[in-house]
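Enquirer: Take a look at this one; I'll ask things after.
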Amino acid sequence: QVQLVESGGGLVQPGGSLRLSCAASGSIFSIYSMGWYRQAPGKERDFVAAISWSGGGTTNYEDSVKGRFTISRDNAKNTVYLQMNSLKAEDTAAYFCYLSGRARYWGQGTQVTVSS
């Protein structure tokens, strides 16, 4: 079993910043990539960002977060981070971490609310 534990969500004003963390533990035999999706109320779960686990770590972002969000990793800790700057109301959602290895695993989610 693989467990993913997210942290760092909360309430922030528009223009503010948050840093999400996701730590993986358990029977991790291999990691190909880790990343984040988000789901707003009444909407589907959408891709946000991903980072490959080998080499320099290739990153990929959804268009609306490019230039505002930065994904990074700590291979030794099996942890991925999402630095979110210049947050907007439309970024409000539950953010879910995933790990792609032998299978895809998901965290329980952490709520991000952007509101004044």
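Enquirer: Determine the per residue accessible area of the range 1-49 with all protein chains present and a 1.4 angstrom probe, expressed in square angstrom.
Expert: 56
Enquirer: Show me the trypsin sites (Lys or Arg not before Pro) within the range 53-110 that DSSP assigns to loop and that have at most 15 other Cβ atoms within 10 Å of their Cβ.
Expert: On the way: sites: Lys66, Arg68, Arg73, Lys77, Lys88, Arg102, Arg104; in loops: Lys66, Arg68, Lys88, Arg102.
In loop regions of the range 53-110 (DSSP not H, G, I, E or B), the sparsely surrounded trypsin sites (Lys or Arg not before Pro) are Lys66, Arg68, Lys88, Arg102.
Enquirer: Carbon and sulfur together cover what percent of the accessible area of the range 36-76 at a 1.4 Å probe radius?
Expert: Of all accessible area on the range 36-76, carbon and sulfur atoms account for 45 percent.
Enquirer: State, in angstrom, two size descriptors of the range 1-79 derived from its alpha carbons: Rg to one decimal place and Dmax to the nearest whole number.
Expert: 13.6, 40
Enquirer: Taking the chain as a Gaussian network, where each spring joins two C-alpha atoms under 10 Å apart, which residue of Ser86, Ser27, Ser52 fluctuates the most?
Expert: Evaluated over the chain, the most mobile residue of the options is Ser27.
Enquirer: I want the local charge near Lys77. Using Cβ-Cβ distances under 15 Å, sum +1 for each Lys or Arg and -1 for each Asp or Glu among the other residues.
Expert: 0
Enquirer: Give me the percent of DSSP beta bridges within the chain that run antiparallel, rounded to the nearest 5.
Expert: The antiparallel proportion sits near 95 percent.
Enquirer: Please return the longest range in the chain lying between exposed loop sites, taking chymotrypsin sites (Phe, Trp or Tyr not before Pro), DSSP loop only, at most 14 other beta-carbon atoms within 10 Å, and leaving the sites out.
Expert: Of all site-free stretches, the longest is 33-116.
The values are calculated or read from the model by the stated rules, or taken from the named source; none is laboratory data. All values derive from a computational prediction rather than experimental measurement. As a convention, Cβ positions derive from the backbone with ideal geometry for all residues, glycine included, and neighbour counts pool all protein chains shown. For accessibility, only protein heavy atoms count, side chains too; no ligands or nucleic acids. Shrake-Rupley method; radii C 1.70, N 1.55, O 1.52, S 1.80 Å.
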